[in-house]
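A short worksheet on the structure shown next.
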Amino acid sequence: MSKVVLKGLSKSFGEVNVVNNIDLEINDREFLSFLGPSGCGKTTTLRMIAGFDMPTTGEIFIGERLVSSVDKKIFVPPEERNVGMVFQNYAVWPHMDVFKNVAYPLKIKKTGADEMKERVLKVLSMVKLTGMEKRYPHQLSGGQQQRVALARALVMEPDVMLLDEPLSNLDAKLREEMRFEIKDIQRRIGVTIIYVTHDQAEAMAMSDRILLLHNARVQQLGTPRDLYERPENQFVADFIGLINFLKIDVADRDARTMATFTSSPETPPFEVNLENTGKSSEGGFVFAVRPENVKLVPPDSSSIRGKVTKKVYLGNILDYRVALGKEEIRVEASSGEEFQPGQTVGLRFESYVLFK
Amino acid sequence: MLQRKIKADPFILGGTFVVIAILVVFPLTLLFLNSFKFDGAYTLQNYATVFQAKRNYTALFNSLKLGLFTSLFSILLGAPLAWLVTRTNLPFAKLFRTLFILPYMIPPFIGAIAWSQLLNRRNGYINRLIQSIFGIEGYVFNVNTMPGLIWVMTLYLYPFVFITVAGALERMDPTLEEAARTCGSKTMKIMRDITLPLVAPSIAGGALLVFASSIANFGIPALVGMQGRVFVLTTMIYSYMHSGGFNGIATASALSIMLMAISVGALLINNFYLKKKQYTLISGKSMRPKTLDLGAWKIPCLIVAIAIVFVAVIMPFFSIGLTSLLDAWGADITWENLTFRNYRYILFEYKLTKDALKNSFLLAISAATICMVLGSLIAYISVKTKIRGRKALETIAQIPYTIPGTVVAIAMILAWSGNYGVNLYNTFWILLVAYVAHYVAFAVRTTSASLEQIHTSLEEAARISGGSWLTSLKDIVVPLIRPGLVAGWFLIFMPTLRELTMSILLWGPRTVTIGVAVFEMQEAGYVQISAAFATLLLLIVIAGNLLVKWLTRGKVGI
Ligand SMILES: Nc1ncnc2c1ncn2[C@@H]1O[C@H](COP(=O)(O)OP(=O)(O)O)[C@@H](O)[C@H]1O
Ligand SMILES: [Mg+2]
């Protein structure tokens, strides 16, 4: 039950910089995810917080305690940080039964037998493993082993729990189930969780905030809604959900900011809002629009026209490809008039983002 | 996945069953029966006789003692060294890893000779050194004793423990230990609670291999023990066979069955019990375990590592090399006393060594080739066909390797010395038959491993294209498994070239082998020429190993 603060945290292996100058405050009881493609430095950051890797520069606070500082030459070893950790491959000890695995942190702390039993049974019921105390890991399914790992981290009542892709080895159905359970447990006991994943849906579903990493750098920090609706750069927009990118040329005309598609200059100019780019209002931009934010209308209802090339019925939505000049964009329609391939349609952009 | 099986030529396949029956089943059955045969009747008399004589008793007891202590010391030496090279920041860990395995490459009887030269009571180099330094009379060490035997055996066999433990430590998922750290455990406690319990089955497995091998070994107890009248089962059997006599072979048979029971028992425990307990420690991601910083212990550990390499590798090599250059054994080591004459003698003048080289090369090449042909057929039958009894065939073919060579040799003598119409006694052929029987298991193992990687459809495609079974074998299967075949051939060639345990019981006046020649010269007291011959053999072994390593791109060999 603590906040975690990272200040100017970096890590290099030899010449390679794998974590670059991260500043982050994780609030008490927050569920924060590190999200990003494989190799972007998520695990390395998590391991620095756990104390398995020594930062090259920067400081880490857990609660009020400075646990790692390069300048002040402070480094608290993992066993003294009181963080719980759940590993991707469970790391459940094969030579101990479930009870012994979960009781281990308490044994180290020399907890009395009665209290130990009570606490172990309590967390086992929390992760729905009641009655499995005497089983050995090889007698458990992957999901159950993952629950043991979770229980082992919970039983020590850690200040913060670190989870490194804990669900990636489970099958899809179990994964969804565990998402809710982890979230539920966190709500009940109010522990701070730092959760590593490369799965954007998982991060969106569980997190209070997401730290999106790419190429060792922070791309954006924000709520799932921030990341989806207000991506700060093209990478974020592309990584979270589906999006169309179209090049546009922008020019001021009669005090209005007008854009034309670079690949189809014959389309009449349309007005855009440049506020969120904060850039000067001339030149080339990238126009980013999510498929569900494009509305298809009859050709005479919009000056921007395209031609339907493909249509796929997906039950809840119709998935269109629409040719716009030389480019093709994806449109998801959940209501409105249905168009056929070959038809000319009008396009209306309901919400979009511009990138320089 | 269920693989479809292929129909194959019944003549060739049936022949394989017959050959294995003749090569393995027949001799071993005879040995078993013969151990009960006394004065033409089947009784327990031989076993009773065995237990009446105190020397047999003592030999049995000595074998067990040798096996147990060698295993114990191998654990004490091998396991910490394995930890040191895999889990700490010991400098040159990779180099040490190779060096620590090296003693196993030295043929055991050569190690025995080296240690006899170093530690023998009368004029061992080390005893002489101690005498001259401290100015004392008499000896400090005597290798021709049980402790001497255990010492030499441990230095030869500890690599088994070292290799299995190093492998387990290296493959162990590092997060298993890291998880314990986040639970609040410190390094030493993690070693006790997590690391040690997880590698314990591997330690025990390595130790059982050491146990079985030390009990089956002949060269070391023969060259080190017999001079001090310390007998173990293998040397006792040898001396019964050597002294001849009709009941000699009966007693030898009974002792052989006992020897076999002990060593096969140890291997069975390993296969059926420990192998199952060896936890799956491999992690999904191959992350190398973090190494422990030795800190102030770095230099002391390095010194210990160097000292062990010095004692286990450099000293024996040096001793053999030095002795091989001596003009007169036992005299002071001076420039005048050094010569290459011994080499000229063994290479160009001495009939015994020239014959031995010729015979051993011929035997090793023939045995390796025959083993590979036979072994591939067996592997093929077992992996690629659905002939009934194919698994039994594979298992039977593997048996002789798990049995001590001494026992195989006795079985061969019983089967092929004329009692059943074929007399190969004292000929080249009996050696060849014994080598093939003992080593065909290697061929089966390496080939079946490669065959399992070839999908049946590749062969089926060849046959659909109109090829016969033999054509598809020749054009598709053999080329695909060729690297495995080459490696397997060398894996048989190398040990048969230096074989002693079976050869010493089977050789005849015209079929002396390298191992036998070294043994006989050593027994006769031709210390320098036997050392020269041993050095030559060592060079061949090293060259062979480098060649295999090069051919298999480092997958096989030390
Ligand atoms: N011990 C190490 N030595 C060298 N490079 C490493 C080490 N650990 C991780 N890396 C590199 O650092 C980068 C980030 O790794 P990691 O933090 O595991 O990424 P993620 O968890 O986001 O997939 C990768 O390119 C990886 O190869
Ligand atoms: Mg990772």
(message) Could you list, ordered by first residue, the pairs with Cβ atoms under 7 Å in which the first is in region B:255-271 and touching a residue at least 12 places away in the same chain (Cβ under 8 Å) and more than 14 Å from B:THR235 (Cα to Cα) and the second is of a type in the set (Gly, Ala, Ser) and surrounded by 16 or more Cβ atoms within 10 Å (Cβ to Cβ), at least 6 apart or interchain?
(response) B:ILE257/B:SER35; B:SER263/B:ALA212; B:SER263/B:ALA216; B:ALA266/B:ALA212; B:LEU267/B:ALA212; B:ASN270/B:GLY205
(message) Condition (residue is among the basic types (Lys, Arg) and within 13 Å of ligand 2 (Cβ to nearest atom)) applied to region A:58-70: is it met by at least one residue?
(response) no
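Quick check: is even one residue across region A:30-41 in contact with a Cys (Cβ under 9 Å, 6 or more places away or on another chain) and either touching a residue at least 24 places away in the same chain (Cβ under 8 Å) or within 16 Å of ligand 2 (Cβ to nearest atom) (or both)? Break it down into steps so the answer makes sense when it comes.
Our first condition is that a residue be in contact with a Cys (Cβ under 9 Å, 6 or more places away or on another chain); within region A:30-41, this holds for A:34.
In the following step, the residues that additionally are either touching a residue at least 24 places away in the same chain (Cβ under 8 Å) or within 16 Å of ligand 2 (Cβ to nearest atom) (or both) were identified as A:34.
Yes, some residue in region A:30-41 is in contact with a Cys (Cβ under 9 Å, 6 or more places away or on another chain) and either touching a residue at least 24 places away in the same chain (Cβ under 8 Å) or within 16 Å of ligand 2 (Cβ to nearest atom) (or both).
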(request) Sort out which residues of region A:61-81 are more than 14 Å from chain B (Cβ to nearest Cβ) and over 30 Å from A:VAL120 (Cβ atoms), and write them in order of number. (result) A:PHE61, A:LEU66, A:SER68, A:SER69, A:VAL70, A:ASP71, A:LYS72, A:LYS73, A:ILE74
(message) With the requirement that a residue be more than 8 Å from every other protein chain (Cβ to nearest Cβ) and among the charged types (D, E, K, R), what does region A:82-124 give you?
(response) A:ASP97, A:LYS100, A:LYS107, A:LYS110, A:ASP114, A:GLU115, A:LYS117, A:GLU118, A:ARG119, A:LYS122
(message) Exactly one of these conditions fails for A:GLY142: (1) within 14 Å of chain B (Cβ to nearest Cβ); (2) over 26 Å from A:MET48 (Cβ atoms); (3) at pLDDT 90 or above. Give me its number.
(response) (3)
(request) Of the numbered conditions (1) under 24 Å from A:TYR228 (Cα atoms); (2) more than 16 Å from ligand 1 (Cβ to nearest atom); (3) touching a residue at least 40 places away in the same chain (Cβ under 8 Å), A:ARG175 fails exactly one; give the number of that condition. (result) (3)
(request) Consider only pairs whose beta carbons are under 6 Å apart and that are at least six residues apart or on different chains; among these, list those whose first residue lies in region A:203-229 and is charged (D, E, K, R) and whose second residue is not in a strand (DSSP E or B). (result) A:ASP208/A:GLU30; A:ARG209/A:THR223
(request) Name the one entry in B:LEU155, B:LEU129 that is in contact with a Gly (Cβ under 9 Å, 6 or more places away or on another chain) and among the aliphatic types (A, V, I, L, M). (result) B:LEU155
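Out of B:LEU169, B:LEU209, report the one residue that is surrounded by fewer than 24 Cβ atoms within 10 Å (Cβ to Cβ), closer than 30 Å to B:ARG498 by Cα, in contact (Cβ under 8 Å) with a residue 12 or more places away in the chain and more than 14 Å from every other protein chain (Cβ to nearest Cβ).
Details: B:LEU169 fails: closer than 30 Å to B:ARG498 by Cα.
Going through B:LEU169, B:LEU209 in turn, the sole match is B:LEU209.
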(request) Among the residues of region B:476-528, count how many are surrounded by 23 or more Cβ atoms within 10 Å (Cβ to Cβ), assigned to a loop (DSSP other than H, G, I, E, B) and among the hydroxyl-bearing types (Ser, Thr, Tyr). (result) 2
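Here is a yes/no grid of residues against (1) loosely packed, with under 13 Cβ neighbours inside 10 Å; (2) under 30 Å from B:TRP115 (Cβ atoms); (3) in contact (Cβ under 8 Å) with a residue 60 or more places away in the chain; (4) of a type in the set (Asp, Glu):
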position	(1), (2), (3), (4)
B:PHE11	yes, no, no, no
B:THR29	no, no, no, no
B:GLN45	no, no, no, no
B:LEU60	no, yes, yes, no
B:SER74	no, yes, yes, no
B:TRP83	no, yes, yes, no
(request) Give, as residue ranges, the strands (runs of 3 or more DSSP E) completely inside region A:228-341 that count at least 2 residues that are among the β-branched types (Val, Ile, Thr). (result) A:244-253, A:256-261, A:283-289, A:294-297, A:305-313, A:327-333
(request) Would you check if there is a residue in region A:68-88 being within 16 Å of ligand 1 (Cβ to nearest atom), modelled with pLDDT of 95 or more, buried (at least 23 other Cβ atoms within 10 Å of the Cβ) and more than 21 Å from A:PRO224 (Cα to Cα)? (result) no
(message) Conditions first: (1) more than 14 Å from chain A (Cβ to nearest Cβ); (2) of a type outside the set (Phe, Trp, Tyr); (3) out of contact with any Gly (no Cβ under 6 Å at 6 or more places or on another chain). B:THR187 passes all but one, so which condition is the exception?
(response) (1)
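Quick check on region B:190-206: of everything there that is within 11 Å of chain A (Cβ to nearest Cβ) and of a type in the set (A, V, I, L, M, F, W, C), which residue is surrounded by the fewest Cβ atoms within 10 Å (Cβ to Cβ)?
Within region B:190-206, the subset within 11 Å of chain A (Cβ to nearest Cβ) is B:190, B:193-201.
From what's left, of a type in the set (A, V, I, L, M, F, W, C): B:190, B:194, B:196, B:198-200.
On the way: B:ILE190: 20, B:ILE194: 24, B:LEU196: 14, B:LEU198: 21, B:VAL199: 25, B:ALA200: 18.
For region B:190-206, the residue satisfying everything is B:LEU196.
For (1) farther than 18 Å from A:THR223 by Cα; (2) within 12 Å of ligand 1 (Cβ to nearest atom); (3) surrounded by 20 or more Cβ atoms within 10 Å (Cβ to Cβ), each residue gets a yes or a no:
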| residue | (1), (2), (3) |
| --- | --- |
| A:SER2 | yes, no, yes |
| A:ASN21 | yes, no, no |
| A:GLU25 | no, no, no |
| A:ARG29 | no, no, no |
| A:THR43 | yes, yes, yes |
| A:PRO55 | yes, no, yes |
| A:GLY58 | yes, no, yes |
(request) Search region A:31-41 for residues being within 7 Å of ligand 1 (Cβ to nearest atom) and more than 13 Å from chain B (Cβ to nearest Cβ), and hand back the single one that is nearest to the chain's Cα centre (by Cα). (result) A:GLY36
(request) Could you please let me know if A:LEU170 is modelled with pLDDT of 90 or more and either within 16 Å of ligand 1 (Cβ to nearest atom) or within 13 Å of chain B (Cβ to nearest Cβ) (or both)? (result) no
(message) With the requirement that a residue be crowded, with 18+ Cβ neighbours inside 10 Å and among the hydrophobic types (A, V, I, L, M, F, W, C), what does region B:106-140 give you?
(response) B:ILE106, B:PHE109, B:ILE110, B:ALA112, B:ILE113, B:ALA114, B:TRP115, B:LEU118, B:LEU119, B:ILE126
(request) Could you check region B:304-394 for helices (runs of 4 or more DSSP H) lying wholly inside it with 2 or more residues that are over 19 Å from B:ALA534 (Cβ atoms) and of a type outside the set (Gly, Ala, Ser)? (result) B:351-384
(request) Out of the residues in region A:184-222 that are more than 16 Å from ligand 1 (Cβ to nearest atom) and surrounded by fewer than 16 Cβ atoms within 10 Å (Cβ to Cβ), state the one that is nearest to the other protein chains (Cβ to nearest Cβ). (result) A:ILE189
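The values are calculated or read from the model by the stated rules, or taken from the named source; none is laboratory data. Nothing here was measured: the structure is a model prediction, and the numbers come from that model. Ideal geometry is used to build each Cβ from the backbone, glycine not excepted, and the neighbour counts take in all protein chains shown.
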